[in-house]
Amino acid sequence: MPPNYLSNSGRPNQPWAEAAARFYLQAIQGSDYEARVGSALHTLVGATQDLLDIGAGGGQPGAALLAPNASWTAVEPTAALARHLARRPERPRVMRCTWQALPGSVTTEVYDVALAANTPLPLGDPVGFLRSLQPLVRDAIAWVVPAQAGPRRHCLAGFLPTDIHGESNEPAVAGVLRKLETARLGPSAVQQVAWTFSARFSSLAAAQLHLERQFNPARCRRRRHRIRARLARLPRATDGSITVSVPKQSACLVWRH
């Protein structure tokens, strides 16, 4: 799942709220994330018959790694996303837990490939995360980490200036690689992939409401006007809808056993 692509009411260690998960699913399905990141991962890792997908989200880009008739185990703690995964045509086995619960407790299986795509929680402990996965994998581990020089917690934060979104602009991958290399656990391959997160709203007012809930909880009048001014620059479709797009960059890190 999604860096943290979405906030969850200030609780970064909890599964996403229902509304946040629904918003993410709708937006990511209208973005080019699966096509670009999924394609890059398929080139780096190849198709697998046995995938462990951690923080599987909507199933992108895990589905891009599946060989025909493959076994897909999707780990996803958020209820709405777990339900979506269970309805996918590939019919993955869905486990509603966090990555910390995997080794030795939830599963003792060993998988050909493990994937973690934009999972936020391991960013603070990349060494522990990688070491927890190593006993579960035969062939390869792939980890997709936010790499844009900009915010990563909120999926649309990059649409707004730093003093409004309040996040660090350091690429997440920089801190992850520093810690891994210090522990001599650097990946065998790294590939940067550019893509765009796009969210469509029914009207300018709907977009304004969404952004204010995320970035103006104190209802500051000046901040409200600045958000509206940014939105007003965007073109509107004939039905009045508006699409907010934010450029993203992902680093695909791969370890081979």
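Some notes on this structure:
- Single residue of segment 67-79 satisfying the filter (closer than 26 Å to F23 by Cα and touching a Gly at 6+ places or on another chain (Cβ under 9 Å)) that is surrounded by the most Cβ atoms within 10 Å (Cβ to Cβ): E76
- Test set (1) in contact with a Lys or Arg (Cβ under 9 Å, 6 or more places away or on another chain); (2) part of a helix (DSSP H, G or I); (3) modelled with pLDDT of 95 or more - V113 fails condition number: (2)
- Selection over segment 169-180 of residues that are surrounded by fewer than 16 Cβ atoms within 10 Å (Cβ to Cβ) and outside any loop (DSSP other than H, G, I, E, B) gives a count of 3.
- Selection of first residues in segment 116-138 that are at pLDDT 90 or above and of second residues that are assigned to a helix (DSSP H, G or I) and among the basic types (K, R), restricted to Cβ pairs under 6 Å at least 6 apart or on distinct chains, gives the following pairs, ordered by first then second residue: P126/K179; V127/K179.
- Test: A63 is hydrophobic (A, V, I, L, M, F, W, C) and within 23 Å of R36 (Cα to Cα): yes
- The condition (being outside any strand (DSSP E or B), among the small types (G, A, S), more than 18 Å from the chain's Cα centre (by Cα) and surrounded by fewer than 24 Cβ atoms within 10 Å (Cβ to Cβ)) is satisfied by just one residue among A86, A40, A64, A82: A86.
- Residue match in segment 241-253 (condition: hydroxyl-bearing (S, T, Y) and farther than 30 Å from A116 by Cβ): yes
- Matching residues, segment 108-118, being surrounded by 22 or more Cβ atoms within 10 Å (Cβ to Cβ) and over 17 Å from R256 (Cβ atoms): A117, N118
- Residue within segment 211-231 that is under 30 Å from C252 (Cβ atoms), modelled with pLDDT under 95, surrounded by 15 or more Cβ atoms within 10 Å (Cβ to Cβ) and not hydrophobic (A, V, I, L, M, F, W, C) present: yes
Condition check ((1) open to solvent by 10 Å² or more (accessible area, probe 1.4 Å); (2) in contact with a Lys or Arg (Cβ under 8 Å, 6 or more places away or on another chain)) across all residues:
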| position | (1), (2) |
| --- | --- |
| P120 | yes, yes |
| G128 | yes, no |
| L133 | no, no |
| L156 | no, no |
| T162 | yes, no |
| E167 | yes, yes |
| T182 | yes, no |
| Q192 | yes, no |
| A205 | yes, no |
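The values are calculated or read from the model by the stated rules, or taken from the named source; none is laboratory data. Since this is a predicted model, take the numbers as computed values, not measurements. Neighbour counts are summed over all protein chains in view; Cβ atoms, including those assigned to glycine, are modelled from backbone coordinates with ideal geometry. Remember, those area values only see protein heavy atoms, side chains included, never the ligands or the DNA or RNA. Shrake-Rupley method; radii C 1.70, N 1.55, O 1.52, S 1.80 Å.
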